[in-house]
Amino acid sequence: MSVKKKFKGLSDKAVGWLFIGPTVLLLLAINIYPLIYAIKMSFTNFYANKIGRVPEFVGLKNYIKILNKEAIWEKMQVTASFMFWTLLLQAAIGLGLALLLNRKFKGNELLTTLIVLPMMLSPAVVGVFWTYLYNPQVGLFNYVVNFFYDFGSFDMIGSSMLAPWSIVIVDTWMWTPFTMLICLAGLRSVPNYLYEAAEVDRASKWQQFIYITLPSVLPFLLLALLFRGIENFKMFDMVVELTSGGPGSATELASINLKREAFEKWKTGYSSAFAVILFVTIFGFGNVYVKVMNKIKER
Amino acid sequence: MKKIMILLFVSLFSFSVNSNAKSITLGWAAWDPANALQELTKEFTAETGIEVNFEFVPWPNFADRMLNELNNKGKTFDLLIGDSQWIGSGAVYGHYVKLNDFFDKEGISMGDFSPATVHAYSTWPKGSKNYYALPAMGDALAWAYRKDWFDRPELKSEFKKKHGYDLGVPASWNQLHDMCSFFQGREIDGQKRYGAAINTERGSEGITMGVTAAMYAWGMEYENPNKPYDMEGFFNSPQAVEAVEFYRKLYEDCAPPGHSDAYMVANLDAYKSGQVAFQMNWYAFWPGVSKEDKDGRVSGFFANPKQNVAAATLGGQGISVVKYSDKQDLALEYIKWFARPDVQQKWWDLGGYSCHNDVLDSPSFPTSTVYAQGFLDSMGIVKDFWQEPTFVELMLPMQEAIHDYVVNGKGTAKGALDKIIEEWVEVFEADGKL
């Protein structure tokens with residue numbers, strides 16, 4: 001039986017729904033329903049481990065408690081600082097590397113492959129082996145740093161001053177290649193005639209970079225940063241393996257705290273409220289960011 | 001074709017035989033005693049024909065994995081060797097089978113087991129006669145030290161000259177600090193050595209188990225003995241504050257560099273690699289340390305030192321039958337076998353820590369290993385963390401606040417303990433206890 005015959009009698013719209021129906025159902029089941037359920041739970045004092053205890057409606061109590069809790073704001077600050085520095089470094093180094101690799105030179109392909117390797121590793125594995133690299137006694141990182149300037153013995157993971165940098169460095173090491181690849185795609189899409197025209201107009205290399213390269217690559221860079229921003233907002237595995245959120249709570253990101261509240265303390269209602277707050281935060285920022293990005297693209 | 005059919009038939013038949021075989025699954029942490037239990041259990045299988053499958057989970061994920069399984073009413077495990085602190089939630093939330101009737105029927109008496117272990121691993125509410133586990137693995141936090149370094153005449157005389165007493169097993173935490181700091185940064189056999197590998201782990205329970213070893217020795221109580229859950233002035237008493245300050249001093253003066261998130265295996269590694277003179281760890285690890293030191297020349301062991309009082313942090317576990325298991329009868333059969341005195345003796349011989357009085361009271365027990373006397377001493381003075389159903393909620397704030405003070409150097413000891421009480425009050429209020 002031909003496809004035409006099989007769908008005979010169905011409108012185009014109906015056929016369309018037939019195709020996207022399963023996906024929509026799946027999305028409803030695994031994304032929308034849990035979201036609505038979590039929102040509902042966030043207004044209760046539900047504990048998933050307290051079997052037989054009926055959850056009570058508590059109104060906005062969980063939200064008020066979270067927003068008034070100093071410790072939560074500390075976690076949000078740690079997350080914001082982590083995001084700011086990782087995105088800044090990944091943008092700067094990623095763009096720099098893309099500019100470097102956009103030139104033709106011997107060994108370009110090999111260098112690209114080597115640079116891209118870290119992002120192919122599992123974040124948990126990266127977290128574990130960086131604990132060894134940061135070891136003050138035998139760690140390669142400390143050795144290299146001391147090779148350039150003798151700081152003496154220092155503990156990247158055990159010091160509250162250095163630990164936030166330890167996670168920033170690892171994330172930057174791992175994910176700069178991602179920013180680089182997207183920027184490289186942007187650079188390769190810039191038509192050559194623009195540079196040729198600029199040469200004719202006797203524009204300097206700096207002017208070419210400011211007026212041609214940067215505007216062309218900026219939408220790509222912003223897109224890469226959007227992806228990285230969303231990922232780093234929910235960063236969990238690498239940091240847990242590397243610092244467990246410590247020392248104290250110096251590197252306890254919002255996602256780590258959420259996991260502890262939800263699946264160690266089993267405060268389901270409370271953690272649902274926290275998850276909703278985080279969702280609204282990232283959704284809000286994401287929307288504003290996309291609007292700004294579109295405006296830049298339109299320019 | 002005929003051959004293929006025969007092969008197919010044989011394989012189908014063997015699958016059906018296999019699937020009919022009686023088997024149970026036991027869950028525990030992945031460590032040396034678990035291997036010893038696996039070895040011991042071969043005799044159970046030989047006697048009863050019941051296969052026992054083991055699932056051992058690494059310590060950092062042990063609580064998460066097992067408690068998730070119980071909370072989800074999972075059927076993966078028929079038997080669980082769970083931490084002492086889980087007994088409250090196991091009983092209250094109905095995860096564990098109550099064993100009183102079974103014990104009565106099979107003539108298993110809790111009087112045959114060490115009272116401290118029965119109290120800690122089996123009963124809920126505490127002090128009652130409701131049993132939810134059979135004491136399986138006695139344990140407490142203790143210390144190992146480099147006896148070979150301590151025996152060196154030049155170090156002995158230098159230490160005595162400096163401190164006015166002999167280098168040896170420390171009689172108090174102050175002496176422990178003297179000895180640890182004596183070795184800190186010292187070069188021995190051409191290598192730089194450090195004082196002590198102590199618990200500093202942030203993620204699960206490490207630093208809490210470590211700092212409480214000091215707090216108990218200073219005489220800390222969690223609550224007012226006459227008014228349950230009244231913690232003010234007890235958990236943050238001047239003695240408790242002093243103990244926490246001392247633990248930080250021990251960390252700052254004596255821990256090897258980078259020992260800021262360390263627990264069992266990290267302490268063991270630091271000791272085995274010759275970095276440190278002392279390690280804090282559970283008795284469960286001593287058979288392994290001792291095995292590598294056949295003539296007993298390298299390592300010595302001692303119970304947690306006294307400060308104001310003699311006390312030690314309790315470890316160890318009881319074995320429970322999971323309520324959601326479909327094979328409770330087979331699981332109970334295992335417990336019946338495991339409770340037998342002859343099996344308990346073999347358990348100790350293989351490196352497990354039996355809690356059975358027949359084993360512990362045997363005249364040969366104190367000299368059976370170099371750490372046996374220490375184990376006996378410790379089990380008489382053990383104290384445990386809250387065993388409340390909400391123990392994880394109680395543990396996490398303590399981990400954070402103590403790590404923040406000891407490792408991070410933030411705030412004061414009193415401030416850390418006050419903060420913990422604040423969080424605990426909130427937990428007890430939510431649980432209807434306050």
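The values are calculated or read from the model by the stated rules, or taken from the named source; none is laboratory data. Quantities reported herein were computed from a predicted structural model and do not represent experimental measurements. All Cβ positions, even for glycine, are placed from backbone atoms using ideal geometry, and neighbour counts span all protein chains on display.
Given the residues A:Ala92, A:Ala48, A:Ala80, which is the only one that is surrounded by 11 or more Cβ atoms within 10 Å (Cβ to Cβ) and touching a residue at least 24 places away in the same chain (Cβ under 8 Å)?
From the options A:Ala92, A:Ala48, A:Ala80, the qualifying one is A:Ala48.
Do any helices (runs of 4 or more DSSP H) lying entirely in the stretch B:236-345 carry at least 1 residues that are surrounded by fewer than 18 Cβ atoms within 10 Å (Cβ to Cβ) and at pLDDT below 95, and which ones are they?
In the stretch B:236-345, B:264-272, B:286-291 are the helices (runs of 4 or more DSSP H) which contain 1 or more residues that are surrounded by fewer than 18 Cβ atoms within 10 Å (Cβ to Cβ) and at pLDDT below 95.
Within the set of pairs 6+ apart or on separate chains, which have a first residue in the stretch A:149-176 that is within 10 Å of chain B (Cβ to nearest Cβ) and under 23 Å from B:Glu400 (Cα atoms), a second that is at pLDDT 90 or above and not in a loop (DSSP other than H, G, I, E, B), and C-beta atoms under 6 Å apart?
Close Cβ pairs satisfying both conditions: A:Met156/A:Ser166; A:Ile157/A:Ala163; A:Ile157/A:Ser166; A:Ile157/A:Thr243; A:Ala163/A:Thr243.
With touching a residue at least 40 places away in the same chain (Cβ under 8 Å), in contact with a strand residue (DSSP E or B) (Cβ under 8 Å, 6 or more places away or on another chain) and of a type outside the set (S, T, N, Q) as the only criterion, which of B:Tyr121, B:Tyr131 stands out?
Among B:Tyr121, B:Tyr131, only B:Tyr121 is touching a residue at least 40 places away in the same chain (Cβ under 8 Å), in contact with a strand residue (DSSP E or B) (Cβ under 8 Å, 6 or more places away or on another chain) and of a type outside the set (S, T, N, Q).
Please find, within the stretch B:168-197, the residue that is farthest from the chain's Cα centre (by Cα) out of those that are assigned to a loop (DSSP other than H, G, I, E, B) and more than 29 Å from A:Ser153 (Cα to Cα).
Of everything passing the filter in the stretch B:168-197, B:Gly168 is farthest from the chain's Cα centre (by Cα).
Restricting the search to the stretch B:72-112, which residues are hydroxyl-bearing (Ser, Thr, Tyr), buried (at least 24 other Cβ atoms within 10 Å of the Cβ) and in contact with a Lys or Arg (Cβ under 8 Å, 6 or more places away or on another chain)?
Of everything in the stretch B:72-112, just one residue is hydroxyl-bearing (Ser, Thr, Tyr), buried (at least 24 other Cβ atoms within 10 Å of the Cβ) and in contact with a Lys or Arg (Cβ under 8 Å, 6 or more places away or on another chain), namely B:Tyr96.
Just the residues that are more than 14 Å from chain A (Cβ to nearest Cβ) and part of a loop (DSSP other than H, G, I, E, B), please, taken from the stretch B:198-230.
Scanning the stretch B:198-230 gives B:Gly219, B:Met220, B:Glu221, B:Tyr222, B:Glu223, B:Pro225, B:Asn226, B:Pro228, B:Tyr229, B:Asp230.
Out of the stretch B:103-117, which residues are among the hydrophobic types (A, V, I, L, M, F, W, C) and without any contact (Cβ under 8 Å) to a residue 40 or more places away in the chain?
If the condition is that a residue be among the hydrophobic types (A, V, I, L, M, F, W, C) and without any contact (Cβ under 8 Å) to a residue 40 or more places away in the chain, then B:Phe103, B:Met110 are the ones that fit.
Check whether at least one residue in the stretch B:345-352 is at positive phi and away from chain A (no Cβ under 14 Å), and report yes or no.
Looking through the stretch B:345-352, at least one residue is at positive phi and away from chain A (no Cβ under 14 Å).
Considering only the stretch A:123-143, I want to know if a residue exists there that is in contact (Cβ under 8 Å) with a residue 40 or more places away in the chain, of a type in the set (S, T, N, Q) and assigned to a helix (DSSP H, G or I).
The answer is yes, given that some residue of the stretch A:123-143 is in contact (Cβ under 8 Å) with a residue 40 or more places away in the chain, of a type in the set (S, T, N, Q) and assigned to a helix (DSSP H, G or I).
Mind telling me which of the residues B:Pro115, B:Pro153, B:Pro60 ends up being surrounded by fewer than 23 Cβ atoms within 10 Å (Cβ to Cβ), touching a Ser or Thr at 6+ places or on another chain (Cβ under 8 Å) and over 20 Å from B:Ser325 (Cβ atoms)?
Residue meeting the stated conditions: B:Pro60.
Here's the yes/no breakdown for (1) at pLDDT 95 or above; (2) among the charged types (D, E, K, R); (3) farther than 25 Å from B:Leu79 by Cα:
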| residue | (1), (2), (3) |
| --- | --- |
| B:Met137 | yes, no, no |
| B:Ala144 | yes, no, yes |
| B:Lys162 | yes, yes, yes |
| B:Ala171 | yes, no, yes |
| B:Gly203 | no, no, yes |
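Condition check ((1) within 20 Å of the chain's Cα centre (by Cα); (2) at pLDDT below 95; (3) in the same structural domain as B:Ser325 (by TED's automatic domain parsing)) across all residues:
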site	(1), (2), (3)
B:Asn53	no, no, yes
B:Pro58	yes, yes, yes
B:Arg65	yes, yes, yes
B:Phe77	no, no, yes
B:Tyr93	no, yes, yes
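Six or more apart or on different chains, Cβ under 9 Å: which pairs go from a residue in the stretch B:402-428 that's at the interface with another protein chain (Cβ under 8 Å from one of its Cβ atoms) to one that's in a helix (DSSP H, G or I) and basic (Lys, Arg)? Could you list them?
B:Asp404/B:Lys419; B:Tyr405/B:Arg248; B:Val407/B:Arg248; B:Gly409/B:Arg248
If you take the residues in the stretch B:378-395 that are more than 9 Å from chain A (Cβ to nearest Cβ) and assigned to a helix (DSSP H, G or I), which one is surrounded by the most Cβ atoms within 10 Å (Cβ to Cβ)?
Ranking the candidates gives B:Ser378 first.
Kindly evaluate B:Met398 against the criterion of being away from every other protein chain (no Cβ under 14 Å), under 22 Å from B:Ser84 (Cβ atoms) and crowded, with 21+ Cβ neighbours inside 10 Å.
The answer is no for B:Met398.
Could we say that B:Lys414 is closer than 30 Å to B:Pro257 by Cβ and not in a helix (DSSP H, G or I) here?
When the stated conditions are applied, B:Lys414 does not pass them.
Just to check your reading of the model, which residue among B:Ile81, B:Ile87 is modelled with pLDDT of 95 or more, hydrophobic (A, V, I, L, M, F, W, C) and within 20 Å of B:Met209 (Cα to Cα)?
When all the criteria are applied, what remains is B:Ile81.
Among the residues of the stretch A:5-47, write down those that are of a type outside the set (D, E, K, R), in a helix (DSSP H, G or I) and closer than 30 Å to B:Val92 by Cα.
A:Pro34, A:Tyr37, A:Ala38, A:Ile39, A:Met41, listed by residue number.
Within the group B:Gln175, B:Gln184, B:Gln191, which residue is closer than 16 Å to B:Phe302 by Cα and in the same structural domain as B:Leu250 (by TED's automatic domain parsing)?
Every option except B:Gln175 fails the conditions.
Within the stretch A:51-77, track down each residue that is of a type outside the set (A, V, I, L, M, F, W, C), away from chain B (no Cβ under 13 Å) and either touching a residue at least 40 places away in the same chain (Cβ under 8 Å) or assigned to a helix (DSSP H, G or I) (or both).
A:Tyr63, A:Gln77
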